[in-house]
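A short write-up of the structure that comes next.
Values quoted throughout were computed directly from the atomic coordinates according to the rules given, and no laboratory measurement underlies them. Given the structure is predicted, the values throughout are model-derived calculations rather than measurements. Glycine gets a Cβ as well: all are built from the backbone with ideal geometry, and neighbour counts include every protein chain shown.
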Amino acid sequence: MDSLTNDLAQVLPYLLLLASYLALSFHAELTNKRVFALASLTLLVLFAGLREPFTPDMERYRGMFESPGLLSPLIIEPSFILISKGLKALGFDYHALYLTYTVITLGFVYAAINKLTEHVRLALLIYVSIPACFLNLFVEMRQVSAVAIAFYATSILLTSDTRHRLLKVLAWAILSVLFHYSALLYWLVLLCSYKFAQTSYPPVLHVAAICASLLIPTSALMAGFSFLMSPFLPAKMQAYVNMFAQSRSSLAEAGQLLKSAVYVVMGIFFVLRLRRHEHGLRFRILVNFFVVGVIILNLTRDFAEVSRVAYFFLIYQIILFPEILDEVRQRVWSLLAGYLIVLFYLAQFLWGLFYFSEETNSYMFLHYQNAFYWLFR
């Protein structure tokens, strides 16, 4: 009983964060967009950017930060090495590393949201609530930053019509790869499928593709992928692929299966809404890419590390739901749908907080600490 009480008490910092964000959102009705952006981003940066290393990944990042001269681009991305060396040269400690990645991530996410939808507050709340997004800053901050940069680059591709649009996209795409090598897979898939993503397909085709992806063994897919892509993959990613291809286990974790089930339902929902959507090409592209993400998640469900590539595509849910909500004309139904969406994502957030780490033998996220951790003790 004492353990349960302690676990629930450890949720308090996160509940205070959500309550503060919601308060800022309501207050934003009385202020302008710029005030909300500054206040909300400051809140999120203070919470995530000033964290102490309370997860194994953050401990490893701290260790690498302390000895950046021992790192190689074959081991970790050049951005991490350059940022670490730069911050150490200026006399900062590992807290500055966490802060830098947090500012970069949230800055690019907000900039992309601002380009793709007018419903900034809801979109940002959804982002914070998705465990693989905001909470993942405490685990895989390099990849979360790469997803944010790629998200922003894609928003330019979808919204800009300037002459230098493709050059801007290329520059940000390269930067995303330098933040995490997995972004290369995202851009390869996007390059090959962008033209097809602009096409309208019958819903039955989307549903069939999603369902078929559940039937293909991940081991067979990874073995084929390793054979075809070995000459092109970075060393670290190749090591992941080889490790899985040689693995005899084909059983996905319960959490991965639940995640796949949730995203299958979401993918089918978006596909069915696509035929009734009024906003045209951009929404269609985002839905098609989201479906690609669901398929990738299903195909890689037995290997959590590789399945993270799907989040380069699944992040578009933070735009799709607000855009769908915008179509509901009756105020009562619009409010009801909005509350249901918020509750759906808040449930995901709380579920994510109780992620059990085998490495720490505990609910990892329930050990939150930062520079102001004494406030929560």
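Amide H neighbours of residue 370 under 5 Å, at least 5 residues apart or on other chains, H built in the peptide plane: list them.
52
More than 17 angstrom separation, counting every C-alpha pair in the range 17-71; what % is that? Before the final figure, lay out each step's value.
Working: 795 of 1485 pairs.
Cα-Cα pairs in the range 17-71 separated by more than 17 Å: 54 percent.
I'd like the GluC sites (Glu not before Pro) in the range 275-377 restricted to DSSP loop residues with at most 16 other Cβ atoms within 10 Å, sorted by number.
278, 327, 358, 359
Tell me, Kirkwood radius of the range 35-181 from alpha-carbon pair distances, in Å?
On the way: mean 1/r = 0.0627 Å⁻¹.
Roughly 15.9 Å, rounded to one decimal.
Take the cross-link list 33/259; 115/195; 33/85 and give me the ones stretching past 27 Å between alpha-carbons.
Values: 33/259 33 Å; 115/195 21 Å; 33/85 36 Å.
Checking Cα-Cα distances, 33/259; 33/85 exceed 27 Å.
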